[in-house]
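First comes the structure, then the notes that go with it.
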Amino acid sequence: MSVIGSASRFCIVPAVDQLGEVRLHCEYLHKRGIPVLVLVNAGCTTDYSDCADEVVRCEDIFSASDVVASLYPYRNKLDSFASAHDRIWPAIFGASDQLGIPFPGIQAQVNCRIKPKMRELLQPIAPLNTEVISLTDLTPRSLKSAVERVGMPFVIKPIWGQGSDYVSIVRDESRAYEDVYHTFSLMQEDASLRSFRQGELVWDARQQLLLEEFAPGREFSLEGFIRQEKFVPLMMQEKYRWAEHDGLRFETGNLCPTPYLRAHEKLGLQATVQDVLGRLGLDNSFFHIEFKWDGRLLNIVEVNPRMGGGSVPAALNFWFESNVREMELDLRMGEVVGDLHDRKDGFLLGVFVNALETGIVDELTGVDWARSQPEFGFETFYSRMWQFIPPRQYSKAGREAWMYCYDVFYWCQDDGRIDYLHDETRTRVRVKLKTEREISEGLARIAAENFG
């Protein structure tokens, strides 16, 4: 079915789906009477014809030129892009410029997403030692000089990225060159990483890496939005418990909102975050900002010009009993959104379960125990039956498959049960896997029983 030409306003949702977000966008846009075109990669196996007004296939959705070619016939009939996934934004922003299809607040988006640019803009208020190193300039000597300026330990980061892909902490200086070179080698093979041109300047995520000082202190994230330059904080989370594997440090538990900040500390941190977002030019957008604070100095870890991913929308919905996804879209569409004032007492404890081995997902055990706890609030399932979990060893991309399997959130009134609920959940709830050999043997047994 084609509605192109009959609609004065048509939004595009890039089909890099996560937790059904494309379908949610379609649903919310249709509620407002806005037709939706979904752009999908040529190899996409998901069918969006039941929720979109039109589906257009693109040879390579990560390529700005291919996106332009696919959308060129519709260039005068499309009003705006509706979303830009963290992996796909370089292609969407490039296509937006070439086709003349607006993406609201695109310069602020670029300021947030390109980490070296963000560091430059924030240097006066949130200094952190960083160095951009190019693959063409990489030698043991050049890296040694860069590490001396950044300091030990340091973090290897892509100049932009998705989740924790290619991020690692280097604690042993003797391994620095090996780790950086290995990261570059893996990124060379990542077909989703492309360059982004801004005027005469070209940023290339496969050719450039950011070396960043490992900042001390407690780690927090803040969810909120800016509406017509008005700063509206919603929830400050504390990343409370951690695990580390092969140079990757990841949270296993968080508190939202954190009960471990005094009122004046919270206000002071929010004031600095407001200054940060102002310097980046962000407006009429949700934001997810991560930072560290040692009681004196605040260091920005990253700024996302969107709502946080994973269970963040569900946590906000639970806390405020409002649909924040709809609020986010209203804001992006330039519509009026109200403040969120009413919220529950206490705080949410989020506990995150990871896959410990490689294999094929069979089931998740121990979930009934989590649901039986008096504090149980809600849960989010990421792992799917028959999903392949890649090995942890040496994996620097696609880590979300083993990092994000299951989240459970407990609604607590005091901190007396935090450690118990965290530790017991991590012990009891497990991702049960089958090896490929076990699956093959099982299929062989079924075949023998049914067909002799």
Exactly one of 101, 125 is closer than 30 Å to residue 40 by Cβ, among the aliphatic types (A, V, I, L, M) and assigned to a loop (DSSP other than H, G, I, E, B), and that residue is 101
Only unsatisfied item for residue 112, checking (1) assigned to a helix (DSSP H, G or I); (2) over 25 Å from residue 400 (Cβ atoms), is (2)
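Name the strands (runs of 3 or more DSSP E) wholly within the stretch 275-376 that hold at least 1 residues that are in contact with a Ser or Thr (Cβ under 6 Å, 6 or more places away or on another chain) and either closer than 25 Å to residue 402 by Cβ or at pLDDT below 85 (or both)?
Numbers: elements: 285-293, 298-304, 347-353, 359-365.
So the answer is 285-293, 347-353, 359-365.
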Considering the stretch 76-125, residues that are aliphatic (A, V, I, L, M) and under 15 Å from the mean Cα position of the chain (by Cα), and then whichever is modelled with the highest pLDDT, we arrive at 114
Within the stretch 328-342, residues touching a residue at least 24 places away in the same chain (Cβ under 8 Å) and more than 17 Å from residue 81 (Cα to Cα) come out as 337, 339, 340
Checked against (1) more than 30 Å from residue 440 (Cβ to Cβ); (2) surrounded by 15 or more Cβ atoms within 10 Å (Cβ to Cβ), residue 345 satisfies every condition except (2)
Against the definition (buried (at least 16 other Cβ atoms within 10 Å of the Cβ) and on the phi > 0 side of the Ramachandran plot), how does residue 217 come out, yes or no? no
The strands (runs of 3 or more DSSP E) lying wholly within the stretch 197-244 that contain at least 1 residues that are at pLDDT 90 or above and closer than 24 Å to residue 353 by Cα are 218-227
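Rundown of residues vs (1) over 27 Å from residue 198 (Cα atoms); (2) exposed (fewer than 14 other Cβ atoms within 10 Å of the Cβ); (3) in contact with a Lys or Arg (Cβ under 8 Å, 6 or more places away or on another chain); (4) at pLDDT below 90, yes/no style:
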| site | (1), (2), (3), (4) |
| --- | --- |
| 26 | yes, no, no, yes |
| 31 | yes, yes, no, yes |
| 34 | yes, no, yes, yes |
| 49 | yes, yes, no, yes |
| 60 | no, no, no, no |
Within the bounds of the stretch 269-292, is there any residue that is farther than 29 Å from residue 116 by Cβ and among the charged types (D, E, K, R)?
no
All-but-one check, residue 110 against (1) in the same structural domain as residue 27 (by TED's automatic domain parsing); (2) buried (at least 17 other Cβ atoms within 10 Å of the Cβ), failing number (1)
In the stretch 270-283, anything surrounded by fewer than 20 Cβ atoms within 10 Å (Cβ to Cβ) and either farther than 19 Å from residue 216 by Cβ or within 22 Å of the chain's Cα centre (by Cα) (or both) is listed as 270, 271, 274, 275, 278, 279, 281, 283
Note on the stretch 293-308: residues within 11 Å of the chain's Cα centre (by Cα) and closer than 14 Å to residue 118 by Cα are 302, 303, 304, 305
Within the stretch 313-326, residues closer than 16 Å to residue 232 by Cα and out of contact with any helix residue (DSSP H, G or I) (no Cβ under 9 Å at 6 or more places or on another chain) come out as 319, 320
Considering the stretch 238-266, residues that are among the aliphatic types (A, V, I, L, M), in contact (Cβ under 8 Å) with a residue 60 or more places away in the chain and more than 17 Å from residue 412 (Cβ to Cβ), and then whichever is surrounded by the most Cβ atoms within 10 Å (Cβ to Cβ), we arrive at 248
Cβ pairs under 6 Å, 6+ apart or interchain, first in the stretch 164-182 and within 16 Å of residue 151 (Cβ to Cβ), second hydrophobic (A, V, I, L, M, F, W, C) and in a loop (DSSP other than H, G, I, E, B), ordered by first then second residue, are 173/152
The residue from 148, 120 that alone is closer than 30 Å to residue 225 by Cβ, without any contact (Cβ under 8 Å) to a residue 12 or more places away in the chain, assigned to a helix (DSSP H, G or I) and not hydroxyl-bearing (Ser, Thr, Tyr) is 120
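The values are calculated or read from the model by the stated rules, or taken from the named source; none is laboratory data. Nothing here was measured: the structure is a model prediction, and the numbers come from that model. Because the Cβ atoms are built from the backbone with ideal geometry, glycine has one as well, and the counts that use them run over all protein chains shown.
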